[in-house]
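The values are calculated or read from the model by the stated rules, or taken from the named source; none is laboratory data. Please read all numbers here as calculations on a predicted model, not as lab measurements. No Cβ is skipped: glycine too gets one built from the backbone with ideal geometry, and neighbour counts run over all protein chains shown.
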Amino acid sequence: MRVHVADHPLIAHKLTYLRDKRTDSPTFRRLAEELMTLLAYEATREVRVEPFEIETPVAPTTGIKLSNPKPLIVPILRAGLGMLEGMVRLLPSAEVGFLGMQRDEETLAITTYASRLPEDLTGRQVYVLDPMLATGGSMGDAIQFLVDRGASNITAVCLLAAPEGIATLQARLADIDPPVTLVTGSIDEKLNEHGYIVPGLGDAGDRLYGVV
Ligand code: URA
């Protein structure tokens, strides 16, 4: 797995306000979306494109457009939904699939409770969105699910990552070729005994959508 920490002052600035516990839910949602757009710029460096001819008012020239099949964006429900708008803003013609995953707060075990994805993902370029890479369990399961359906080029995008989650994914995804790329705004210090990222930003789903 290739890991890319998007190191930019605007990303660090927005992350700071996301981390601050005084930031209210509407502001948190806006910042998560804006931060995702900045991460999307980094995450799409290798998006597949092809040349096509256009004419400017002055002369013909060759431009580029997204190749078919269009990229697939997969937010992991529910917190990944908070990143979706920020991503489709940069890739409006992408398709969107959904994976619902939940972790048991006591055992930290992951279950998949919903999926809405094409059966066949052969050759598809896929962007998986989940704000917090904590234990790496749900992201690992999501990526395995996509690989089993044939996805061949996967980029995982997280606002924050824990070193433990990155190590777990590195070991679990070592044989995937081409390697999965992880793009994150920060690698934080550690996971605590409850599976929260430290210093982190708390429960991303709750801060986006409330405790429901
Ligand atoms: N999920 C979250 O929302 N926050 C964490 O810190 C870890 C997992």
* Return the residue satisfying two criteria in turn: it lies in the range 103-151 and is within 14 Å of the ligand (Cβ to nearest atom), part of a strand (DSSP E or B) and farther than 22 Å from Met87 by Cα, and of such residues it is modelled with the lowest pLDDT. => Arg103
* Here are some conditions: (1) surrounded by fewer than 17 Cβ atoms within 10 Å (Cβ to Cβ); (2) more than 14 Å from the chain's Cα centre (by Cα). Leu90 meets all but one. Which one does it not meet? -> (2)
* In the range 71-93, which residue that is in a loop (DSSP other than H, G, I, E, B) and closer than 13 Å to Val157 by Cβ is nearest to the ligand (Cβ to nearest atom)? -> Ala79
* To do: Determine the pairs where a residue that is at negative phi and among the basic types (Lys, Arg), located within the range 60-79, has a partner that is part of a loop (DSSP other than H, G, I, E, B) and surrounded by 11 or more Cβ atoms within 10 Å (Cβ to Cβ) with Cβ atoms under 9 Å apart, the partner being 6 or more residues away or on another chain.
  => Lys70/Leu91; Lys70/Ala94; Lys70/Arg124
* Asked: Which of the residues belonging to the range 111-151 are surrounded by fewer than 20 Cβ atoms within 10 Å (Cβ to Cβ) and among the charged types (D, E, K, R)?
  -> Arg116, Glu119, Asp120, Asp141, Asp148, Arg149
* Those residues that are farther than 15 Å from Ala32 by Cα, in a loop (DSSP other than H, G, I, E, B), in contact (Cβ under 8 Å) with a residue 40 or more places away in the chain and within 9 Å of the ligand (Cβ to nearest atom), I need them from the range 175-212; list them, please. => His194, Gly195, Tyr196
* To do: Determine whether the range 159-166 contains at least one residue that is at pLDDT below 95 and either surrounded by fewer than 16 Cβ atoms within 10 Å (Cβ to Cβ) or away from the ligand (no atom under 16 Å from the Cβ) (or both).
  => no
